[in-house]
Every structure is written in structure tokens, then in C-alpha cells.
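Right, one structure below, let's go through it.
The values are calculated or read from the model by the stated rules, or taken from the named source; none is laboratory data. As the structure is a prediction and not an experimental result, all values here were calculated from the model. Methodologically, a virtual Cβ is constructed for each residue, glycine included, from the backbone with ideal geometry; neighbour enumeration extends over all protein chains shown.
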Amino acid sequence: MAQQTLRPALLERLPSMAVGVLREIGALGDERGCHVYVVGGVVRDLLLGQVTLDLDLAVEGDGIAFAKAVADRYRTGLAVFERFVTARLVFPDGLKMDIATTRREFYAEAALLPTVQPAAIEEDLHRRDFTINAIAMQLNPGQFGRLLDVYGGQRDLRARRIRVLHAGSFQDDPTRIFRAIRFEQRFKFRLEPGTLRLLRQAASTNLIQQLSGPRLQNEILVLFAERDPVRAITRLAKLKLLRFLHRRLCASGTVMRVVRAVPQALAWWGSRSPDAVIDRSLVYLMALLSESSPVVIAGISKRLACSREQATKLSAGGKRLDRILKKLTDRETLRPSQVYRLLVDLPDEVLVLLVAKQVSRHQAAQLRQFKRYLMAYEETRTIATVLKGRDLQTMGLKPGPQYGAILGKLLDARIDGVVTSEEGERVFVQKRLSVLGHYL
């Protein structure tokens, strides 16, 4: 028998607008003759005194038909995923809600996506990853706020432990290995001893290798997007899970110093560029790969099925950054244009990684010098020449590779303040044309 406790005050912790919607959705469930529950992470977080506004609802009945009725009533956007009998709603005010049919799952093979069948709420809860995520709260009037905790999730929350619901959980879905670490580190819980043993057993096999690249990438990047990914990366290394990214990937002392420096680097970058959009999870992955060879980085990009943009950023963040740092810290003075040329091709995530690498070296004077150069670079990124290729042609220069060379020198002069006006640019170009002797 499911443990049932009426705790409507829990839902009152949500914004009043969301509570009102949930009460109305519960009433709609009564109208349509089905039981409706809010399930999973939102219930867990409410029990922990936290608020999550991405709501997961489960319906004993036709979840997709119910979701369409909700979408019609509230005029929301609707996306339907027939395979998993799930629909996603986005309300006009930004509230997001997933509505699914309560279901059981069958895994024909380990690491593959499951086959699903409709089932009662108790079976739906049993298919979930951990007991703390297997708690439901009913929304129907008269039962509003009733908790269903069949598998001891509240007990495990109080004990601050992560526990799987059955022995085959990690074999069914190896991504749960990474989710276990994510929740363990997020809440500062511990893996229950039996769960840790099962995780180690699953990790000792090749189950994770059977995951598709996109599924593995999603789990890694979501893990690295946590508030404190350093703890999670340390845990991955301790459990010897980094080998599933590449057999030669190693969290050496140098690498971990860079990883631990990323939060400071991100904070400094955010203070300088508050509007910049930085892929934090990718920065942490790049930090983890900061001492890896191009071959290892390329292998990891392929394993994770990275996009072209992601792969470009990862490859730019390898060992060549050490050469850039050496040039930026070994010389007392560099012209702004020299700094610009060193950094111009680097994405912002790589620049953040550069800061982290320098922070990790604990050389205060060099760090101050490096930050001065980086701030100077930020000021030069938007500088452009007035003259373009067509202007050079008008001035008598034949089309050819010399266009790029002259315009590059002109941009350097602009950045260094040698040239400050269009007239100055024309004088600068005329001098070089005279030297080249390329008049028609």
C-alpha cells in the first residue's frame, strides 16, 4: 500500500499563479475522470524547501489527450512526443509543464531507450531513477496535496542518501550513473552503500560505451552545468568514469587545478562582461581537457557527437593555450595589436579558460598583467577600419592577397592608436602603396 499523507501546504510554496493552475488542472482531471499528479523533482525540491517551476505531471489515463485539453483551456504552446506518451506545454507567462501518461517501461537491451505501456501511478513511480525522485502529489480536488511515497523517498531525503529503486536500474539506463553523481553532489547527499556497489558494478562494464553520443553528451553537460561542477568532476575521476570519454583522459593534478580555477575565472569574466553568454558546462569540459592532446580532444568530440561549434571550441582550448599564455606573461610590454592577434580567433569560452589556466598557476604578478592585456583586448574587439577592399582598389591597388596584408596592417595601426581617422588611414595606405609600387 502506498504511503499517503495529505500535505497541501507543500504546493503553496509555489508561486500563487502556479498553484492556481495546478488546482484548476486537478479539477479538470475530475471532469475527465482521471487522477492527476505532480511528480518527480518538483515534489522532491518542495520537500527540501526549494522551488522548481518546470512541472512534471502524470495522468492515470490518456495523458496526451489530457495535455491537449489543458493546452486548449490555457492557450499554451504544445509539443507531443508519442513514443513516450508525453506532451510539453509552455504557458504564455513562461511556465513550463510536461504531462505524461503514467506508464511502465521495458528495456529490450541495456542502454537503449525503453518501450512504454500505460500503467498505474505506483508502477510509474517504480520506473524512475531514485527513490527521492519517485514521490507523487495528487492534484484532484479533495485529494489536493496528497503524497504518494511508495518507495521510501521521504525517508531517504531525511537520511540524505541516493538510492535506486531496484538492482537492475543502472543496467537498464546507464545515464543514471551520471545522474546519481549529479544529485549526490547537488544536495551533498551520499550514495547508499548498495547503490554505490551497483554503480561500481555497472561502471566496471562497457554499458556506458553503449550509450549514444548525444545521450552521453547531455548527461555530461548537464552535470557540468551544476552550481558546483568541481565536486562532480572530482567524483567522476574517483569512480574512474572519465575513461568513457576517452581511455587516455586523466584528471591530473594540473588539470584539477585548472578545473578548480574555473569558478573564479567565470566570476571575473562576468564582472567584466555581464551580458556575455558563456556556455559554462563547456568551459568545465574544456578545463578537464586542458592538458589533453589534439588526438584525445578530437576523440572526445566524436564520442560526444559534438556540434561543429562545440568541437571548434574544444579544439581551441587544448595545449596551444600554454603558448599564448607564455607570450602574454613572459614579455613586459605588448602592443594592443599584438594582444589582439594572439586572441582574436578564440571564442569567449576559451578566453575564460585562459583566465582559469593563469589563475591555477598562483602567480599573482603575471595574473595581473594577463588580466590587463585581456581587458585591453576587450576594448579593441570592436575596432574596425573605415577603408575596405573596394577602397584599396579605388586607390589603385590591384586585387590580390596584398589586400589582406595591407588591411591587416591598417587594423593594427588603428588598434595601436597610430591611425585615428579616415584621412589617416588613407595616408597610411598610400605610404604602403608607394613602397609596394603596385599602381596600375
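Output the residues belonging to segment 423-436 that are acidic (D, E) and modelled with pLDDT under 90.
The answer is E425, and nothing else.
Listed here are the residues, each with its yes/no results for (1) closer than 24 Å to T329 by Cα; (2) modelled with pLDDT under 90; (3) surrounded by 18 or more Cβ atoms within 10 Å (Cβ to Cβ).
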position	(1), (2), (3)
F370	yes, yes, yes
E379	yes, yes, no
T394	no, yes, no
T420	no, no, no
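Out of segment 53-86, which residues are under 18 Å from R128 (Cα atoms) and not β-branched (V, I, T)?
Result: D54, L55, D56, L57, A58, E60, G63, R83, F84.
Here is a check on your reading of the model: is G404 touching a Pro at 6+ places or on another chain (Cβ under 9 Å) and farther than 26 Å from A276 by Cβ?
So G404 fails the test.
All but one of (1) among the hydrophobic types (A, V, I, L, M, F, W, C); (2) surrounded by fewer than 15 Cβ atoms within 10 Å (Cβ to Cβ); (3) assigned to a helix (DSSP H, G or I) hold for V386, so report the exception by its number.
Of the numbered conditions (1) among the hydrophobic types (A, V, I, L, M, F, W, C); (2) surrounded by fewer than 15 Cβ atoms within 10 Å (Cβ to Cβ); (3) assigned to a helix (DSSP H, G or I), the odd one out for V386 is (3).
Within segment 389-432, which residues are assigned to a helix (DSSP H, G or I) and basic (K, R)?
R390, K409, R414, R426, K431, R432
Does segment 5-47 hold any residues that are modelled with pLDDT of 90 or more, β-branched (V, I, T) and within 15 Å of L147 (Cα to Cα), and which are they?
V36, V38, V39, V42, V43
Let's see how each residue does on (1) at negative phi; (2) assigned by TED's automatic domain parsing to the domain that holds M137; (3) surrounded by fewer than 15 Cβ atoms within 10 Å (Cβ to Cβ); (4) in contact with a strand residue (DSSP E or B) (Cβ under 8 Å, 6 or more places away or on another chain):
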{"residue": "L10", "(1), (2), (3), (4)": "yes, yes, no, yes"}
{"residue": "L14", "(1), (2), (3), (4)": "yes, yes, no, no"}
{"residue": "I25", "(1), (2), (3), (4)": "yes, yes, no, yes"}
{"residue": "L28", "(1), (2), (3), (4)": "yes, yes, no, yes"}
{"residue": "C34", "(1), (2), (3), (4)": "yes, yes, no, yes"}
{"residue": "Q50", "(1), (2), (3), (4)": "yes, yes, yes, no"}
{"residue": "L55", "(1), (2), (3), (4)": "yes, yes, no, yes"}
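Of the numbered conditions (1) at pLDDT 95 or above; (2) touching an Asp or Glu at 6+ places or on another chain (Cβ under 8 Å); (3) crowded, with 19+ Cβ neighbours inside 10 Å, R190 satisfies every one except a single condition; which is it?
The failed condition is (3).
Could you tell me which numbered condition L46 fails, if it satisfies all but one of (1) surrounded by 15 or more Cβ atoms within 10 Å (Cβ to Cβ); (2) in a strand (DSSP E or B)?
Checking L46 against (1) surrounded by 15 or more Cβ atoms within 10 Å (Cβ to Cβ); (2) in a strand (DSSP E or B), the one that fails is (2).
Would you say R227 is more than 20 Å from E349 (Cβ to Cβ), in contact (Cβ under 8 Å) with a residue 24 or more places away in the chain, outside the structural domain of K357 (by TED's automatic domain parsing) and surrounded by fewer than 21 Cβ atoms within 10 Å (Cβ to Cβ)?
no
Return only the number of the condition from (1) surrounded by fewer than 23 Cβ atoms within 10 Å (Cβ to Cβ); (2) in the same structural domain as H35 (by TED's automatic domain parsing); (3) within 25 Å of S204 (Cβ to Cβ) that L165 does not satisfy.
All conditions are met except number (2).
Is it fair to say G20 is in contact (Cβ under 8 Å) with a residue 60 or more places away in the chain, assigned to a helix (DSSP H, G or I) and over 29 Å from the mean Cα position of the chain (by Cα)?
Criteria not met by G20.
(1) surrounded by 20 or more Cβ atoms within 10 Å (Cβ to Cβ); (2) in a helix (DSSP H, G or I): which one isn't true of Y151, the others all being true?
(2)
Looking at segment 233-248 only, could you name the residues that are surrounded by 21 or more Cβ atoms within 10 Å (Cβ to Cβ) and part of a helix (DSSP H, G or I)?
Selection gives I233, L236, F244.
For segment 397-416, does any single residue satisfy the condition of being at pLDDT below 85, more than 30 Å from V352 (Cβ to Cβ) and aromatic (F, W, Y)?
Yes, there is a match, as at least one residue in segment 397-416 is at pLDDT below 85, more than 30 Å from V352 (Cβ to Cβ) and aromatic (F, W, Y).
Does I415 satisfy the condition of being closer than 30 Å to A267 by Cβ and outside the structural domain of T254 (by TED's automatic domain parsing)?
yes
If I ask for residues that are assigned to a loop (DSSP other than H, G, I, E, B) and of a type in the set (K, R), which ones from segment 117-148 would you list?
R127, R128
When the residues of segment 73-116 are filtered to those that are modelled with pLDDT under 75 and outside any strand (DSSP E or B), which remaining residue is surrounded by the most Cβ atoms within 10 Å (Cβ to Cβ)?
In this case the residue turns out to be A111.
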